Amino acid sequence: GATVWALKSAPSGAHPVTRFTIPMNGGQSRGPSTWSSMLALPPDGTRMVYVAGPLFLRRMDQKEATPIRGTDVGANPVFSPDGQSIAFVANGMLNKVAAAGGPVVPICPVSRLQGASWPEPDRILFAQATEGIFEVSPSGGLARRIVAVDKAMGEVAGAPQLLSGGDAVLFTLTSNATPDWRAARAVVQSLRTGER
């Protein structure tokens, strides 16, 4: 019995630890000074995109990153669920571009973006500070508010993530006029009932 237990509980194939730096060389800067996501990984973890003036794409097995054409400015990058596209914000628009490069396609206008996610192939979520959390199709069109916040209380929403099953959203919420995310709460809200 002890032998069977020892063989059963033996770790199966440890995952390698990856450590790296992102050197900023000529033509790269730290990115926007306002609150925004600076780095994104696709679901398979083989690449990353980061903000350094334009968006840069780097394979994890390579040392050099390449700029993504058409993304001269950008913030809040997020990968599509299949890792083939990247959504990002630039010049007041939510846009998308193929991870392999190509034309930048506008999706919808945004203001005061406080984080985004692309949880399903046909659904991008984004937070617009005191306006709440919205969803939009990656194909473009009108964004639809899915979570409202209390403007009178100064509530600010950020970093939306769709939970498994698609019936609830996890996000951060703060009530400060100038958002202090260190004092924010983590909130789950049902998309069916609105219950938090």
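The values are calculated or read from the model by the stated rules, or taken from the named source; none is laboratory data. Please read all numbers here as calculations on a predicted model, not as lab measurements. Virtual Cβ from ideal backbone geometry, glycine too; neighbours counted across all protein chains shown. Ligands, DNA and RNA are stripped out before the accessible areas are found, and what is left, the full protein with its side chains, is counted by its heavy atoms. Shrake-Rupley method; radii C 1.70, N 1.55, O 1.52, S 1.80 Å.
Scanning the stretch 77-91 for residues that are under 12 Å from PRO54 (Cα atoms) and either of a type in the set (D, E, K, R) or open to solvent by 10 Å² or more (accessible area, probe 1.4 Å) (or both) returns VAL89, ALA90. Look at the stretch 53-79: where a residue is closer than 11 Å to LEU39 by Cβ and a partner is in a strand (DSSP E or B) and not hydrophobic (A, V, I, L, M, F, W, C), sitting 6+ places away or on another chain with Cβ atoms under 6 Å, you get LEU55/PRO77; PHE56/TYR50; PHE56/PRO67; VAL78/SER117. Scanning the stretch 173-196 for residues that are at pLDDT below 90 and assigned to a loop (DSSP other than H, G, I, E, B), we see that the one that is surrounded by the most Cβ atoms within 10 Å (Cβ to Cβ) is PRO179. Could you list, in sequence order, the residues of the stretch 135-158 that are assigned to a loop (DSSP other than H, G, I, E, B), aliphatic (A, V, I, L, M) and open to solvent by less than 50 Å² (accessible area, probe 1.4 Å)? Within the stretch 135-158, ALA143, VAL149 qualify.
What do you reckon, is LEU170 open to solvent by 40 Å² or more (accessible area, probe 1.4 Å), in contact with a strand residue (DSSP E or B) (Cβ under 9 Å, 6 or more places away or on another chain) and not in a strand (DSSP E or B)?
Working: open to solvent by 40 Å² or more (accessible area, probe 1.4 Å): yes; in contact with a strand residue (DSSP E or B) (Cβ under 9 Å, 6 or more places away or on another chain): yes; not in a strand (DSSP E or B): no.
No.
Open to solvent by 20 Å² or more (accessible area, probe 1.4 Å) and touching a helix residue (DSSP H, G or I) at 6+ places or on another chain (Cβ under 8 Å), is that true of THR130? Before the answer, list the steps.
Details: open to solvent by 20 Å² or more (accessible area, probe 1.4 Å): yes; touching a helix residue (DSSP H, G or I) at 6+ places or on another chain (Cβ under 8 Å): no.
Judged against the criteria, THR130 is not a match.
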